[in-house]
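J.: One structure is given below, represented as structure tokens, and several questions about it will come after.
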Amino acid sequence: ALGKGSDLEKAFATAALVYNNSADPEGKLSKAETKNLLQTQFGRFIRGQENKPKYQEIISALDEDLENKIDFEDFMILLVSLTLMSDLLHEIKNVKTTK
């Protein structure tokens with residue numbers, strides 16, 4: 001559907017597809033499924049963050065979810081938060097591309 005979409009549109013469509021393929025019929029992920037998805041699909045962004053207080057705070061907040069599940073909106077907020085604190089983001093900022 002997004003064959004002619006922009007790179008950013010394709011990136012967000014991919015995130016939505018990965019989430020939807022892992023979500024339950026109600027469109028939610030359990031805490032364990034969320035952590036597994038982060039480790040398998042977002043590992044390079046979270047690598048080295050495990051012992052940092054902000055990362056632990058985000059994961060703890062995930063553990064405090066009363067419903068024990070997160071929806072797509074919360075998942076995207078989680079991805080953005082983890083991206084912003086990632087060491088990989090600093091490397092990406094230093095890459096210059098030409099088109």
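J.: Consider the stretch 4-57. How many of its residues are closer than 22 Å to GLU91 by Cα and aliphatic (A, V, I, L, M)?
T.: The total comes to 5.
J.: Might you check whether a residue that is at pLDDT below 85 and buried (at least 16 other Cβ atoms within 10 Å of the Cβ) occurs anywhere in the stretch 50-57?
T.: Checking the stretch 50-57: at least one residue is at pLDDT below 85 and buried (at least 16 other Cβ atoms within 10 Å of the Cβ).
J.: A further question on this structure: Can you pull out every residue in the stretch 19-36 that is open to solvent by 80 Å² or more (accessible area, probe 1.4 Å) and either in contact with a Phe, Trp or Tyr (Cβ under 7 Å, 6 or more places away or on another chain) or of a type outside the set (D, E, K, R) (or both)?
T.: ASN20, ASN21, PRO25, ASN36
J.: Can you tell which of LEU8, LEU88 is surrounded by fewer than 10 Cβ atoms within 10 Å (Cβ to Cβ), of a type in the set (A, V, I, L, M) and at pLDDT 80 or above?
T.: LEU8
J.: Among all residue pairs at least 6 apart or on different chains, which show Cβ distances below 6 Å where the first residue, located in the stretch 2-24, is of a type in the set (D, E, K, R) and the second is surrounded by fewer than 10 Cβ atoms within 10 Å (Cβ to Cβ)?
T.: none
J.: Right, another one. Name, by its number, the condition in (1) within 19 Å of LEU17 (Cβ to Cβ); (2) among the aromatic types (Phe, Trp, Tyr); (3) open to solvent by less than 40 Å² (accessible area, probe 1.4 Å) that does not hold for PHE72.
T.: Failing condition for PHE72: (3).
J.: Still on this structure: Looking only at residues that are exposed (fewer than 14 other Cβ atoms within 10 Å of the Cβ) and out of contact with any Leu (no Cβ under 6 Å at 6 or more places or on another chain) in the stretch 37-49, which one is nearest to ASN21 (Cα to Cα)?
T.: Here the residue is THR40.
J.: Let me ask something additional. With respect to LEU79, is the statement that it is open to solvent by less than 40 Å² (accessible area, probe 1.4 Å), modelled with pLDDT under 85, within 24 Å of SER22 (Cβ to Cβ) and not in a loop (DSSP other than H, G, I, E, B) true?
T.: no
The values are calculated or read from the model by the stated rules, or taken from the named source; none is laboratory data. Note that the structure is predicted; figures quoted are calculated from it, not measured. Cβ sites come from the backbone with ideal geometry, for glycine too, and all protein chains shown count toward neighbours. Calculation scope for accessible area: heavy atoms of the full protein, side chains included, ligands and nucleic acids excluded. Shrake-Rupley method; radii C 1.70, N 1.55, O 1.52, S 1.80 Å.
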